[in-house]
Amino acid sequence: LELEEFKIPEDIDRSIENLCTAVSVMPDGHPNKLSRLDSLGSSLRERFERLGEVRDIEKLIETLGKSISLTPDGHPDKADRLNSLGNSLRMRFERLGDVGDIHKSIETLRKAVSLTSDDHPKKPINLNSLGMSLMRRFERLGEAKDIDASIEALGKAISLTPDDNPKQSGRLQNLGNLFMMRFQRLGKTEDIDESIEMLRKAILLTPDGHPNKPGWHNNL
């Protein structure tokens, strides 16, 4: 097990090195270019999440930007790539604190949402991502319009997600926390009522033994 644990960073380094080479020698019109960029982005995200090095999130954002520029409007993967870029910009904002990144994240995620129809299975994912970035900007800048828009986005994501979806309880928890934040900002009793309702439902949908359940009880 220890040998395997030490081997993982070497493998991801080799993966990124080989994919960078493949991407650099492949012309933009090559039919496999987008899939190689997607693979490179996935490897960079994995290494950043493991090691936290800024160079990886910078390269990830550059790679996703290139991938999006090569993806025509109307392509079925365009919204997914925009969602990935928006989330990556939020990650860099959380790491470095540049407000420009969270502005770009929200702009990018709004485009991802606009390109996804309500009956598409990825629509709740894109809405949830947008809600999280709006929440981060509210935490930084404190503008009420952002917490309102965040609640709206997450509320719609939840409405489009069936209760048996494993992501639903986490989204309810996030929405409950947002209502609590708005209550703390504006003092409206209906917000704390909504927060309690969302948190209770999240707990009901979470099986005993789930690692998040004790923390969610604490939030409630």
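Listed values, structure above:
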item	result
Hey, THR71 more than 16 Å from SER129 (Cα to Cα) and without any contact (Cβ under 8 Å) to a residue 24 or more places away in the chain or not	no
Every pair of residues 6+ apart whose Cβ atoms lie under 9 Å, when the first sits in the stretch 11-28 and is within 20 Å of PHE48 (Cα to Cα) while the second is acidic (Asp, Glu) and open to solvent by 40 Å² or more (accessible area, probe 1.4 Å)	ILE12/GLU46; SER15/GLU46
Residue that is more than 21 Å from LEU127 (Cα to Cα) and part of a helix (DSSP H, G or I), where the choices are GLN184, GLN173	GLN184
Residues of the stretch 61-83 classified as hydroxyl-bearing (Ser, Thr, Tyr) and under 19 Å from GLU46 (Cβ atoms), total	2
Given (1) in contact with a Phe, Trp or Tyr (Cβ under 9 Å, 6 or more places away or on another chain); (2) modelled with pLDDT of 95 or more, number of the condition SER84 does not satisfy	(1)
Tally, over the stretch 185-195, of residues that are in contact with a helix residue (DSSP H, G or I) (Cβ under 9 Å, 6 or more places away or on another chain) and surrounded by fewer than 18 Cβ atoms within 10 Å (Cβ to Cβ)	7
Filter pass, THR206 being in a loop (DSSP other than H, G, I, E, B) and either touching a Phe, Trp or Tyr at 6+ places or on another chain (Cβ under 8 Å) or open to solvent by 80 Å² or more (accessible area, probe 1.4 Å) (or both)	yes
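One line per residue, one yes/no per condition, for (1) under 18 Å from VAL113 (Cβ atoms); (2) among the basic types (Lys, Arg); (3) open to solvent by less than 50 Å² (accessible area, probe 1.4 Å):
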position: ASP146; (1), (2), (3): yes, no, yes
position: SER150; (1), (2), (3): yes, no, yes
position: LEU154; (1), (2), (3): yes, no, yes
position: ALA157; (1), (2), (3): yes, no, yes
position: ASP164; (1), (2), (3): no, no, no
position: LYS167; (1), (2), (3): yes, yes, no
position: ARG171; (1), (2), (3): yes, yes, yes
position: ASN174; (1), (2), (3): yes, no, yes
position: MET181; (1), (2), (3): no, no, yes
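The values are calculated or read from the model by the stated rules, or taken from the named source; none is laboratory data. The structure displayed is predicted, hence computed values, not measured ones. Positions of Cβ are generated from backbone atoms using ideal geometry, with glycine treated the same way; all protein chains shown enter the neighbour counts. Protein only, heavy atoms only, side chains kept; ligands, DNA and RNA dropped before computing areas. Shrake-Rupley method; radii C 1.70, N 1.55, O 1.52, S 1.80 Å.
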